[in-house]
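Colleague: Pasting a structure here, questions to come.
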Amino acid sequence: QNPRVQMYSNSVVVTMEKPKSFSIVEISTPNSPMFCEKQRAASPKQFTWVLLLKVHRVFHCLSWLTRGFFALSSTIKKRIAVSEEEKPFETKGKLYRFIRALLLVSVTCLAFEVLAYFQNWNFSMIKSLEVKGIWEWSYMAWWSFRTDYIAPMVLMLSKVCVALFLIQSLDRFVLCIGCFWIKYKKLKPVIGVEEDVDVEDPSSFPMVLVQIPMCNEGEVYSQSISAVCRLDWPRSRLLIQVLDDSDDENIQLLIKNEVFSWSQKGVNIIYRHRFIRTGYKAGNLKSAMNCDYVKDYEFVAIFDADFRPNPDFLKLTVPHFKGNPELGLVQARWSFVNKDENLLTRLQNINLCFHFEVEQQVNGQFLNFFGFNGTAGVWRIKALEESGGWLERTTVEDMDIAVRAHLNGWKFIFLNDVRVLCELPESYEAYKKQQHRWHSGPMQLFRLCLPSIIFSKVSIWQKANLIFLFFLLRKLILPFYSFTLFCIILPLTMFIPEAKLPVWVICYIPIFMSMLNILPAPKSFPFLVPYLLFENTMSVTKFNAMVSGLFQLGSAYEWDVTKKTGRASESDLLAVAERESKSYNRDKILRRSSESGLEILSKLQENEENPKKKRNKIYRKELVLAFLLLTACARSLLSAQGVHFYFLLFQGLSFLVVGLDLIGEQMR
């Protein structure tokens, strides 16, 4: 009834005044006069230009992808050539062969899936007798085998890993609640007995021994020795041991000169060098503790070669031992001079801030036990001696002595407010070696300490905490499920849709837990996604180290000193005048050295003027995992899985960047 017809460029709008009573009106075909004007507007010439424009865009996109592919291939070839000239690829292990075989199977499955997708094969809706052709039969056989045998196993393994993932997430969440409670209640260790100390009477201060173990660390020895020699403590009550395990005679000479210059200023400092270098750091510390004069000292403070304590360090830590005879260790927090140097150091800073702010502080406050960090701590020498001293049986001598001291009833205190400057590894090679040692050593120690823990006299709760939380959950289960769930099972589920992981497992919970990890370092929130991806990338290194330590494989006993750069902090600028004074007196110091020492020093200066070119390495396992994840990412496109696709894409690119050693600084 009196419809109004409005014409637009691409549509016809019909408005009815009385929708209850209307008649059907047939609109004629495009040959109708009302469409003539539109037909005349779309001329063949314009259509040709639009088509050519679209073709141009397609070719531009293809050329961009081609250039990117060839650039990536060229980069890989250069990395391989440099690695082969300098050092061969990392040793091929069973884990690498397993991942490579998994990649080959995934590529084959992807080819079948692409063929099935374009052929519109759906064998779940038809019978096997209706399948014709060798390719159809092959895909049908794979589909049946996958559904009947592979899918149940993958599904069972994924459920186990998800359960472990939830348990570990719950443990981390409880630690965060404990940290919030400490902040809310403002809990912190307090000095047991307040005694007035006569500053003018040195005898009122306890005897303290300071040890600086080092090995071929020519970049940082001067800063560490200088910082320790400035400790605010009576010189008659302080002895500094520089424990040099360097096998480079050039570095030995420089360290000797540094020690001699400080001894000339009245500092009680000794240089020690072992001719038989066994046991790495543990052997070095054990040898130093066997000196006769050590029995005159009550406490020992340990600093690695890159650590620079503030002058008031001893006055903030040693008083906690007063009136607390059960206290065996006071641990300070690390602070990093190069945390903003590159992306790798920023991501490490997130991890270590959580470790100290949450894990160490909560365990110290509520359990009086945590793993000794190996440096920036003060031990009661009696606690060391009663616990068996330093042992050379693992690569984590610090954790070893902490566990044995805890089993002997000694208590620990963590001081979150006392911080000691140090360096983070700036290259992926150095960081990877450090993480391998940190994750293989605890498994070695767990095998050795398990009988002692079971038969010790500590309470059942302390035994359960050591076995299930300290070792199994945080040292074994964490690297196991991280690697298995996100690097193996997730890409497999793209080819086995029957065992698909839910979105909350790969997205919601990991992001939430990553946010909790970043809370102690709030300025790092922009790096939330890179942190999540990098932690999954490092899981292959941690898993490999955990397995090698648990089963005593050869790589479990590898010990490489973490490469340092000698970055200077703002506080180090205060020592500029001291360095100038030292350089002024350099000739006098060198005259006390041998003539060969002068020649060695000149060679060192020549090497500093002509540094070696920094080069990248190739990491096979990371590269193969990158291609595996990207293959699974391509498969996820066929099933239109949005979150899974983006996770696999960015995680694969993360593995690719790390595998090509494009994160952090290159090693010299």
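Colleague: Among what's in segment 257-276 and is touching a Gly at 6+ places or on another chain (Cβ under 9 Å) and free of Cβ contacts under 8 Å to residues at least 40 places away in the same chain, pick the residue that is surrounded by the fewest Cβ atoms within 10 Å (Cβ to Cβ). It would help to see each step written out before you state the result.
Modeller: Initially, segment 257-276 is screened for residues touching a Gly at 6+ places or on another chain (Cβ under 9 Å), giving 257, 274, 276.
Those left that are additionally free of Cβ contacts under 8 Å to residues at least 40 places away in the same chain: 274, 276.
Values: Arg274: 14, Ile276: 7.
Ranking the candidates gives Ile276 first.
Colleague: Provide a single number: the residues in segment 234-253 that are surrounded by fewer than 20 Cβ atoms within 10 Å (Cβ to Cβ) and touching a Leu at 6+ places or on another chain (Cβ under 7 Å).
Modeller: Our first condition is that a residue be surrounded by fewer than 20 Cβ atoms within 10 Å (Cβ to Cβ); within segment 234-253, this holds for 234-237, 247-250, 252.
Now restrict to residues that are touching a Leu at 6+ places or on another chain (Cβ under 7 Å): 250.
Residues that pass the stated criteria total 1.
Colleague: Now, a different point. Among Ile453, Ile477, Ile496, which is the only one that is open to solvent by less than 50 Å² (accessible area, probe 1.4 Å), under 27 Å from the mean Cα position of the chain (by Cα) and over 23 Å from Trp559 (Cβ atoms)?
Modeller: Values: Ile453 fails: under 27 Å from the mean Cα position of the chain (by Cα); Ile496 fails: under 27 Å from the mean Cα position of the chain (by Cα).
One residue alone meets the criteria, Ile477.
Colleague: So, one more: Give me a count of the residues in segment 522-547 that are within 18 Å of Phe173 (Cβ to Cβ) and of a type in the set (A, V, I, L, M, F, W, C). So that I can check it myself, show each step before the final result.
Modeller: Going through segment 522-547, the residues within 18 Å of Phe173 (Cβ to Cβ) turn out to be 528, 531-532, 535.
Narrowing the set further to residues that are of a type in the set (A, V, I, L, M, F, W, C) leaves 528, 532.
Number of matching residues: 2.
Colleague: Checking Ile150 against (1) β-branched (Val, Ile, Thr); (2) modelled with pLDDT under 75; (3) crowded, with 16+ Cβ neighbours inside 10 Å, which test does it fail?
Modeller: Just one mismatch for Ile150, condition (2).
Colleague: Only one residue in Leu187, Leu170 is outside any loop (DSSP other than H, G, I, E, B), among the hydrophobic types (A, V, I, L, M, F, W, C) and surrounded by fewer than 20 Cβ atoms within 10 Å (Cβ to Cβ), so which one is that?
Modeller: Testing whether each residue is outside any loop (DSSP other than H, G, I, E, B), among the hydrophobic types (A, V, I, L, M, F, W, C) and surrounded by fewer than 20 Cβ atoms within 10 Å (Cβ to Cβ) leaves just Leu170.
Colleague: Sticking with this one: Restricting to segment 324-348, give me the number of residues that are closer than 19 Å to Val658 by Cβ and open to solvent by less than 40 Å² (accessible area, probe 1.4 Å).
Modeller: So the count comes out to 5.
Colleague: Here's another thing I want to ask about it. What are the pairs with Cβ atoms under 7 angstrom where one residue, in segment 613-637, is more than 14 Å from Ala101 (Cα to Cα) and modelled with pLDDT under 85 and the other, located anywhere, is among the basic types (Lys, Arg) and not in a helix (DSSP H, G or I)? Sequence gap at least six, or different chains.
Modeller: Once the first residue is more than 14 Å from Ala101 (Cα to Cα) and modelled with pLDDT under 85 and sits in segment 613-637, its partners that are among the basic types (Lys, Arg) and not in a helix (DSSP H, G or I) give Lys614/Arg668.
Colleague: Would it be correct to say that Asn324 is among the polar types (S, T, N, Q) and under 29 Å from Val190 (Cβ atoms)? Reasoning before the result, please.
Modeller: Details: among the polar types (S, T, N, Q): yes; under 29 Å from Val190 (Cβ atoms): yes.
Judged against the criteria, Asn324 is a match.
Colleague: Right, next: Return a yes/no flag: does segment 509-530 have any residue that is among the charged types (D, E, K, R), free of Cβ contacts under 8 Å to residues at least 12 places away in the same chain and open to solvent by 40 Å² or more (accessible area, probe 1.4 Å). Quick ask: steps written out before the conclusion?
Modeller: Initial filter on segment 509-530 (among the charged types (D, E, K, R)): 523.
If we keep only those that are free of Cβ contacts under 8 Å to residues at least 12 places away in the same chain too, we end up with 523.
In the following step, the residues that additionally are open to solvent by 40 Å² or more (accessible area, probe 1.4 Å) were identified as 523.
Yes, segment 509-530 has at least one match.
Colleague: Follow-up question, since we're still on this one. Does any residue in segment 282-293 that is in contact (Cβ under 8 Å) with a residue 12 or more places away in the chain and within 13 Å of Glu392 (Cβ to Cβ) come within less than 8 Å, Cβ to Cβ, of a residue that is open to solvent by 40 Å² or more (accessible area, probe 1.4 Å) and among the hydrophobic types (A, V, I, L, M, F, W, C) six or more places away or on a different chain, and which pairs are these?
Modeller: As it stands, the answer is Ala282/Leu391; Lys286/Leu391, since those pairs meet every condition given.
Colleague: What residue, of Lys582, Lys523, Lys588, is at pLDDT 50 or above and of a type in the set (Lys, Arg)? Let's see the steps before the verdict.
Modeller: On the way: Lys582 fails: at pLDDT 50 or above; Lys588 fails: at pLDDT 50 or above.
After applying the criteria, what remains is Lys523.
Colleague: How many residues are surrounded by 14 or more Cβ atoms within 10 Å (Cβ to Cβ), within 35 Å of the chain's Cα centre (by Cα), charged (D, E, K, R) and not in a helix (DSSP H, G or I) if we restrict to segment 287-322?
Modeller: The total comes to 3.
Colleague: If you take the residues in segment 405-438 that are in a helix (DSSP H, G or I) and either closer than 26 Å to Cys179 by Cα or among the aromatic types (Phe, Trp, Tyr) (or both), which one is most open to solvent (accessible area, probe 1.4 Å)?
Modeller: Only one residue fits best here, namely Trp438.
The values are calculated or read from the model by the stated rules, or taken from the named source; none is laboratory data. Everything numeric in this text was worked out from a predicted model, so none of it was measured. A quick note on method: Cβ atoms are made from the backbone with ideal geometry, for glycine too, and the neighbour counts reach across all protein chains shown. Areas reflect the complete protein model, heavy atoms only, side chains present, ligands, DNA and RNA absent. Shrake-Rupley method; radii C 1.70, N 1.55, O 1.52, S 1.80 Å.
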